[in-house]
1. Within the set of pairs 6+ apart or on separate chains, which have a first residue in the range 46-58 that is small (Gly, Ala, Ser), a second that is at pLDDT 90 or above and assigned to a strand (DSSP E or B), and C-beta atoms under 7 Å apart?
2. Which condition does ARG100 not pass, out of (1) modelled with pLDDT under 95; (2) part of a strand (DSSP E or B); (3) surrounded by fewer than 15 Cβ atoms within 10 Å (Cβ to Cβ), if it passes all the others?
3. So GLU78 ticks every box in (1) under 21 Å from VAL179 (Cα atoms); (2) modelled with pLDDT of 95 or more; (3) not aromatic (Phe, Trp, Tyr) but one. Which box is left unticked?
4. So which of VAL154, VAL143, VAL106, VAL162 is outside the structural domain of PRO15 (by TED's automatic domain parsing), under 26 Å from ARG80 (Cα atoms) and not small (Gly, Ala, Ser)?
5. Within the range 5-20, count every residue that is surrounded by fewer than 13 Cβ atoms within 10 Å (Cβ to Cβ), in contact with a strand residue (DSSP E or B) (Cβ under 8 Å, 6 or more places away or on another chain) and not in a loop (DSSP other than H, G, I, E, B).
6. Only one of (1) among the aliphatic types (A, V, I, L, M); (2) touching a His at 6+ places or on another chain (Cβ under 7 Å); (3) over 17 Å from THR23 (Cβ atoms) fails for VAL59. Which number is that?
7. Taking the range 140-159 as the search range and keeping residues that are in contact (Cβ under 8 Å) with a residue 60 or more places away in the chain and among the small types (Gly, Ala, Ser), which one is farthest from THR170 (Cα to Cα)?
8. Within the range 112-122, is even one residue surrounded by fewer than 20 Cβ atoms within 10 Å (Cβ to Cβ), more than 28 Å from GLY48 (Cα to Cα) and more than 18 Å from the chain's Cα centre (by Cα)?
Amino acid sequence: MTVRVLPAAGRVAVPWKNGGGVTREIVARPEGADMGDFEWRVSLADVGCDGPFSAFADVDRILTMVEGEGMDLTVGGEHRRVDTRFVPQRFPGDLPTGCRLLGGPVVNLNVMWHRGAALAPTVAVTAPRRSLALPAGPAVLIVALDGAAEAAGVALGRHDAVLLADEEATLHATGHTAVITLTPKA
């Protein structure tokens, strides 16, 4: 059983590979992995202008808009409008992806994993003022998106996170909270 606290205040803003925004890594496996050799990675990204997203070979991703008015994405030539906050959107990270902002900057929660990795991630966003029982699993990441939350005795402010491994807990949230479950493939 482990509980790892990942405070927002300790994150460093790193420019995207293509210069179109910045990302703040929450956690990656293996720890210290760079952008080319992670098994999985979770981050918050600030998108400040229209343009292409960085491409990641053999990577799938789940993007959840947490701040802003939205984006028009073109993923591999297919149009996708992302204008509702807290709705996870899954797409291949290696397809060319263009972004047009709908009304200014946005902040996205990104979950990325290599297709060959032995895991199947899911992202669920809880509603405000909600309690949720979290079963023990190999890796469950909780990220407070727009309010406070508490899990496994850890109080979380906006964008703080806690990573639980083999730890049953109850999540209590006053705002939207992402629950990212990283389950090994059968």
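The values are calculated or read from the model by the stated rules, or taken from the named source; none is laboratory data. Worth saying up front: this structure is predicted, and the values here are computed from it rather than measured. Backbone-built Cβ (ideal geometry, glycine too); neighbour counts: all protein chains shown.
1. Close Cβ pairs (under 7 Å, with a partner that is at pLDDT 90 or above and assigned to a strand (DSSP E or B)) amount to GLY51/CYS99.
2. Here ARG100 meets the rest and fails (1).
3. With (1) under 21 Å from VAL179 (Cα atoms); (2) modelled with pLDDT of 95 or more; (3) not aromatic (Phe, Trp, Tyr) applied to GLU78, the lone miss is (1).
4. On the way: VAL154 fails: under 26 Å from ARG80 (Cα atoms); VAL106 fails: outside the structural domain of PRO15 (by TED's automatic domain parsing); VAL162 fails: under 26 Å from ARG80 (Cα atoms).
Residue meeting the stated conditions: VAL143.
5. 1
6. Result: VAL59 passes all but (3).
7. By that ranking, first place goes to GLY157.
8. For the range 112-122, residues surrounded by fewer than 20 Cβ atoms within 10 Å (Cβ to Cβ), more than 28 Å from GLY48 (Cα to Cα) and more than 18 Å from the chain's Cα centre (by Cα): present.
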